[in-house]
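Structure record follows, encoded as structure tokens.
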Amino acid sequence: MKPPVNPAMSAVSLRLPIGRSHFLFALIGFWFAALLLRALYLQGLQNDFLRQKGETRYARVLNISAHRGVITDRNNELLAISTPLESVWVSPAELRLGAGDRNRLVKLLGLDSIELNRRLVDTSREFLYLKRHISPEEAANVAALKISGIFSQREYKRFYPAGEELAHVIGFTGMDDNGQEGLELAYQDSLAGKPGSRQVIKDRRGRIIEQVGSMRAPVNGQDLILSIDRKIQYLAHRELKAAVAANRAKAGAAIVLDVKTGEVLAMANLPTYNPHNRGKLDRDRTRNRAITDLFEPGSTLKPFTVAAVLESGAFDANSVIDTAPGWLRIGRATIRDAHRHDALTVAQVIQKSSNVGSVKLAMSLPPQALWDIFHDVGFGVPPSSGFPGEAAGKLRAHKSWKPIEHATMSYGHGISVSLLQLARAYTVFAADGQLKPISLIRLDAGSGPVEGEQVLSPETAQAVREMLETVVQPGGTALKAQIMGYRVAGKTGTAHKAENGSYAARRYISSFVGFAPASDPRLVVAVMIDEPNGGQHYGGAVAAPVFSSVMSGALRMLSVAPDAAAGSANQDILPPDDETIAIKEEI
């Protein structure tokens, strides 16, 4: 039985000391006052914090993609164009994904469910791509699931109608439609434009319910018109591909230049690649060999040696050079001609491609005179084409030349050039001594011929041009460069490749550079075949036929009138080629 409770004792036990109750009421009042002041501060004076928190939950800044400019050839045929696609992204912090929705999403987008789960674990992230560059129909199917936290945005993907024919010139863009290679990279700023944006309010399902603030409109990229003629490009690619296959060569390149303007009408490279399928690309396929790769040009440099001696006034086209007995010793090195020639005129040194004759001409000049002509035509400096990674080549300072280097430079050994540099250098013979600037962009058609830098006298250029015509005539080294109805001028080159400090015995670079019509040159065509292994390796047998086919087709496409006598045609018999380089030198 419980004892009775005394009411007086109970009242006393519940009564607090007066000081403690005052303190408690003061503390509660202070707390409410602090909350009130904080609310007034945040909502009245410093409301950015609350606005920011609200916007992170409901406001979104949507990017408006700028349309990348199209790339066309000189005749406005499409070479690169962007097609609109959709990309699906998710905000993991807002995602409300049930098991059924997850399965449907995985199926629609072709995702790996395990990988998807791993990527969605981190809910602190506000942005994560689920899949990029899908069709608008696929994006609509995803939107139809009405999953909270999943959104889509418009993006663009690049397509290249010319495919592998122009892959090395145009290059390609990455996933974000930014240039990665070629002219897509070189002209990224102008092609890309500037994206726009708009700020919107979305509900919890991701639906836009209101646009807030002003919209910044995108600035679309500028279109780019190339100097390339797609028909000539197709022709160059086709003929180069056939030659590389027939000669079982490692690689090849070909360039077509407009003599009047310096515009590049075609630039073909092999091996090539598909710009739409770049999963297993390597540098051997993606680099533009015509611009970035260097090689020793061999006998294609002899016309510049002859031009130097003609400019000196010490020789003319009919001056006689004794090349007997067909070889020449300089120090420990022996320089040979493939066939013995006794007395040759300067013009015949070019026609027969005599190494001994070329060396004797070069040694009659001081090293600086030869270096000056090489430098003036663009060797040793970048060609300023605007293409990423263009090579400058190798031209050593003349003060460091040894006698053997002075000699071998005369026929294209000890110096390295790109095919573009070599093609450009030949414009001095085709354009009366003017070195034309190079352009991969179409120039104004109404501006007429482009003025170049005068590096040779017109008389010297004309004299060398006449010599180069004899190379493709009977007695020359390149009968297979002839073209029905047109006078052709050019020079073969066959150079051993450098390997481990010496020259490889059976590895060659075969080349031919020429122009036509010789009476009033319109085009320069340069062809390089790397390591032909089909039984022939001379430039006159391997590269000259490619030149003939490309030049013939290009002249007719451009409606250039023939300048040769009726019935003039290629010969079927290839004469002995005298440009073989046999050097025994300890390097």
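The values are calculated or read from the model by the stated rules, or taken from the named source; none is laboratory data. None of the values given here were measured: they were computed from a predicted structure. Here the Cβ positions follow ideal geometry from the backbone for every residue, glycine too, while neighbour counts run over all protein chains shown. Just so you know, the surface numbers come from the protein's heavy atoms only, side chains and all, with ligands and any DNA or RNA stripped out. Shrake-Rupley method; radii C 1.70, N 1.55, O 1.52, S 1.80 Å.
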- Note on the structure: Exception for residue 280 within (1) open to solvent by 20 Å² or more (accessible area, probe 1.4 Å); (2) more than 27 Å from residue 76 (Cα to Cα); (3) modelled with pLDDT of 95 or more falls at (3)
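Residue-wise test of (1) modelled with pLDDT of 80 or more; (2) of a type in the set (Gly, Ala, Ser).
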residue: 147; (1), (2): no, no
residue: 160; (1), (2): yes, no
residue: 166; (1), (2): yes, no
residue: 178; (1), (2): yes, no
residue: 182; (1), (2): yes, yes
residue: 191; (1), (2): yes, no
residue: 194; (1), (2): yes, no
residue: 202; (1), (2): no, no
- Query: in contact with a helix residue (DSSP H, G or I) (Cβ under 6 Å, 6 or more places away or on another chain), at pLDDT below 95 and surrounded by 24 or more Cβ atoms within 10 Å (Cβ to Cβ), is that true of residue 358?
  - Reply: no
- The condition of being open to solvent by less than 30 Å² (accessible area, probe 1.4 Å) and assigned to a strand (DSSP E or B) holds, among 526, 541, only for 526
- Taking segment 169-187 and keeping only residues that are within 16 Å of residue 284 (Cα to Cα) and open to solvent by less than 10 Å² (accessible area, probe 1.4 Å), one is left with 169, 171, 182
- Pick from segment 462-483, criterion small (Gly, Ala, Ser) and surrounded by fewer than 24 Cβ atoms within 10 Å (Cβ to Cβ), ranking: nearest to residue 511 (Cα to Cα): 475
- When residue 447 is run through (1) within 21 Å of residue 294 (Cβ to Cβ); (2) polar (S, T, N, Q); (3) surrounded by fewer than 19 Cβ atoms within 10 Å (Cβ to Cβ), the failure sits at (1)
- Could you tell me which of the residues 439, 457, 400, 418 is surrounded by fewer than 24 Cβ atoms within 10 Å (Cβ to Cβ) and within 30 Å of residue 77 (Cβ to Cβ)? 439
- Filter result for the condition that a residue is touching a helix residue (DSSP H, G or I) at 6+ places or on another chain (Cβ under 8 Å) and open to solvent by 10 Å² or more (accessible area, probe 1.4 Å), over 274, 288: 274
- Message: Take the conditions modelled with pLDDT of 80 or more and under 30 Å from residue 185 (Cα atoms) and apply them to residue 81. Does it pass?
- Response: yes
- Give the residues of segment 294-326 that are assigned to a loop (DSSP other than H, G, I, E, B) and surrounded by fewer than 22 Cβ atoms within 10 Å (Cβ to Cβ), sorted by residue number. 294, 313, 314, 315, 316, 317, 318, 319, 324, 325, 326
- Message: Cβ contacts < 6 Å: first residue open to solvent by 50 Å² or more (accessible area, probe 1.4 Å), restricted to segment 367-381; second residue in a helix (DSSP H, G or I) and polar (S, T, N, Q), any location; separation 6+ or different chain. Result?
- Response: none
- Message: For segment 246-293, give me each residue that is in a helix (DSSP H, G or I) and either without any contact (Cβ under 8 Å) to a residue 40 or more places away in the chain or not hydrophobic (A, V, I, L, M, F, W, C) (or both).
- Response: 283, 284, 285, 286, 289, 292
- Item | Count - residues of segment 327-340 that are open to solvent by 30 Å² or more (accessible area, probe 1.4 Å) and either within 23 Å of residue 466 (Cβ to Cβ) or assigned to a loop (DSSP other than H, G, I, E, B) (or both) | 5
- Which residue pairs have Cβ atoms closer than 6 Å, lie 6 or more positions apart in sequence or on different chains, and pair a first residue in segment 133-155 that is on the phi > 0 side of the Ramachandran plot with a second residue that is of a type in the set (Gly, Ala, Ser)? 149/91
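Each row is one residue, and each column tells you yes or no for (1) touching a helix residue (DSSP H, G or I) at 6+ places or on another chain (Cβ under 8 Å); (2) basic (Lys, Arg); (3) modelled with pLDDT under 95; (4) exposed (fewer than 14 other Cβ atoms within 10 Å of the Cβ).
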site	(1), (2), (3), (4)
503	no, no, yes, no
553	yes, no, no, no
570	yes, no, yes, no
580	no, no, yes, no
- Query: What are the residue pairs meeting all of these: first residue in segment 87-102, first residue surrounded by 15 or more Cβ atoms within 10 Å (Cβ to Cβ) and at pLDDT 70 or above, second residue hydroxyl-bearing (Ser, Thr, Tyr) and assigned to a strand (DSSP E or B), Cβ atoms under 7 Å, and 6 or more apart or on different chains?
  - Reply: 87/129; 87/152; 88/152; 89/129
- Note on the structure: In segment 374-425, anything of a type outside the set (S, T, N, Q) and under 15 Å from the mean Cα position of the chain (by Cα) is listed as 382, 383, 386, 387, 388, 389, 390, 391, 419, 420
- May I ask you to verify whether residue 510 is within 18 Å of residue 270 (Cβ to Cβ), polar (S, T, N, Q) and either part of a strand (DSSP E or B) or touching a residue at least 12 places away in the same chain (Cβ under 8 Å) (or both)? yes
- From the option list 134, 147, single residue qualifying as within 23 Å of residue 65 (Cα to Cα), buried (at least 17 other Cβ atoms within 10 Å of the Cβ) and hydrophobic (A, V, I, L, M, F, W, C) is 134
- Message: I'd like the full set of residues that are surrounded by 12 or more Cβ atoms within 10 Å (Cβ to Cβ) and aliphatic (A, V, I, L, M), limited to segment 341-353.
- Response: 344, 346, 347, 349, 350
- Task: Answer with yes or no whether residue 342 is of a type in the set (D, E, K, R) and touching a Pro at 6+ places or on another chain (Cβ under 9 Å).
- Result: yes
